[in-house]
Amino acid sequence: MLKSASGTLVNVLKRSLLPTTRVSAVIPARLSHGGPVESDEEFDSRYEAFFNRKDIDGWEIRKGMNDLCGMDLVPDPRIIKAALHACRRVNDYALAIRFIEACKDKCGNKVNEIYPYIIQEIKPTLTELGIETPEELGYDKPELALQNVYEI
Amino acid sequence: MANYLMRRALLEAVRVPAGARSVSELAKVGNREWVGYGYNGQPNYADRPDFPLPAVRFRPDTPDIKILREKEKGDWRKLTLEEKKALYRASFCQTFAEFQAPTGEWKAVVGWGLAIASISVWIYMGMKLFVYSPIPETFSEERQKAQLRRMLDLKVNPVDGLASKWDYENNRWK
């Protein structure tokens, strides 16, 4: 009894002391204080790779886009291009338009400087996939008014 | 009796079918497509700039929309502008420009605020005219002058106060 118990204990100790490569391989680079800091280039590449995944589905695309919109940044045109291609793969046109609109919104008060640059960079992708800019759809100005719920 | 009937009617109005009570968000979705992760993981819809892609499509899958979705699987360059707009409106309620457009609500807020403030002034004036008695006669100017004279005669606070500022020899302020 004691022998078997001590044998198990040694196993547990050994497992806790020896680094298991399998586990450490999936732990992402930590972003906490004092840890390695992800550069802008790495960040862009990470999200580009995320959207470039061949088996990505609509849930993951929305998750990635919503995350990007929650951050204090304007997504790089590289990321936007990859995201538009991802929208094409899941056949969701509205998603592509909505994301361009969201990116325009992220430009904040610098919209006149950043947004033309983004459009200029992603223009080849837009023409290749047949996506209109929100301006071409007339979505830069309010189009429809909401019906008052008290009058329905 | 009326109270009882009222309560019955209220309960009837808010009743959710059994089985859907704990997942009432789900009960409200109908046959709208659940396409992503929403607030609290629920299938809900809201137009927000910080969370631009809500969890469900805004409109249910009608036959027209289903035909459009089949067409969407092909080349997007062959879709007309109207079809693209219809696809957008099937997924989302309002565009960014629409839900960020000014509502003009501030005008009503400022207007009502000023109206209520002016009513309070009218109430004050009414009180002044019809409710309050006139202020005491000691508030008249000669009475107040007499009070000051008496305070000087009593040499109130002679070190660094009122009387210290009065020149008693020449009968004037220092």
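Odds and ends about this structure:
- Hypothetical label at A:Lys110: residues of region A:41-84 whose amide nitrogen lies under 14 Å (7 Å Cα-Cβ projection): A:72-77
- Accessible surface area normalised per residue over chain B is 75 Å², counting heavy atoms of protein chains with a 1.4 Å rolling probe.
- Max mean-square fluctuation residue, GNM over chain B, Cα-Cα springs under 10 Å, options B:Arg143, B:Arg48, B:Arg32: B:Arg143
- Relative to the globular-protein estimate of 2.2 N^0.38 Å, the Cα radius of gyration of region B:101-174 stands at 2.18.
- When the surface is traced with a 1.4 Å probe over the full set of protein chains, B:Val35 keeps roughly 10 Å² accessible.
- For the peptide B:127-137, the mean number of other protein chain Cβ atoms found within 10 angstrom of a residue's Cβ is 0.
- Working note: 222 nm ellipticity from helices only, DSSP H runs with n ≥ 4, each -39,500 (n - 2.57), summed and divided by the residues of chain B, gives -14500 deg cm²/dmol to the nearest 500.
- Ordering B:Ala115, B:Ile135, B:Met125 by the projection of their Cα atoms onto the charge dipole of region B:99-165, which places +1 on the Cβ of Lys and Arg and -1 on the Cβ of Asp and Glu, puts B:Ile135 at the extreme positive end.
- Counting, for every residue in B:71-77, the Cβ atoms of other protein chains within 10 Å of its Cβ and taking the mean gives 4.
- Distance violations [Cα-Cα > 24 Å] among A:Lys54/B:Lys28; A:Lys141/B:Lys66; A:Lys106/B:Lys71; A:Lys123/B:Lys84; A:Lys54/A:Lys81; A:Lys123/B:Lys78: A:Lys54/B:Lys28; A:Lys141/B:Lys66; A:Lys106/B:Lys71
- The label-point distance for B:Asn44 and B:Tyr124, in a model that sets each label 7 Å from Cα toward Cβ, rounds to 4.4 nm.
- For region A:84-98, the Karplus equation 6.51 cos²θ - 1.76 cosθ + 1.60, evaluated at θ = phi - 60°, returns couplings of 5, 5, 5, 4, 4, 5, 9, 6, 10, 5, 4, 4, 4, 4, 4 Hz by residue, with Gly and Pro reported as x.
- The lysines whose alpha-carbon is closer than 28 Å to the alpha-carbon of B:Lys165, local same-chain residues fewer than 8 away aside, are B:Lys145, B:Lys155, B:Lys174.
- Separation of alpha-carbon centers, region B:23-55 and region B:101-174, rounded to whole Å: 60
- Farthest towards the positive end of the charge dipole of region A:38-141, among the residues A:Thr133, A:Pro116, A:Cys69, is the Cα of A:Thr133, using unit charges on the Cβ of Lys, Arg, Asp and Glu.
- Added length on full extension, which subtracts the Cα-Cα distance from 0.36 nm per residue, B:Val131 to B:Asp64: 17.0 nm
- Mean Cβ count within 10 Å, highest first, over the residues of peptides A:55-64, A:142-151: A:55-64, A:142-151
- Note on B:Tyr45: accessible area is roughly 50 Å² with a 1.4 Å probe, heavy atoms of protein only.
- Per residue, the accessible area of region A:38-141 comes to 45 Å², computed with a 1.4 Å probe over protein heavy atoms only.
- Per residue Cα convex hull volume in Å³ - calculated over region B:135-174: 75
- Take each residue in A:128-138, count the other chain C-beta atoms within 10 Å of its C-beta, and the mean is 3.
- Note on region B:13-163: percent of Cα-Cα distances in each 5 Å bin, starting at 0 and stopping at the bin with the largest distance, equals 2, 7, 9, 8, 9, 8, 6, 6, 5, 4, 4, 4, 3, 4, 4, 5, 5, 3, 2, 1, 0.
- A:Thr133 contributes about 10 Å² of solvent-accessible surface, heavy atoms of the protein only, 1.4 Å probe.
The values are calculated or read from the model by the stated rules, or taken from the named source; none is laboratory data. Quick caveat: nothing in here was measured; it's all calculated off a predicted structure. Cβ: placed from backbone, ideal geometry, glycine included. Neighbour counts: every protein chain shown. What goes into the accessible areas is simple: the full protein's heavy atoms, side chains included, and nothing from ligands, DNA or RNA. Shrake-Rupley method; radii C 1.70, N 1.55, O 1.52, S 1.80 Å.
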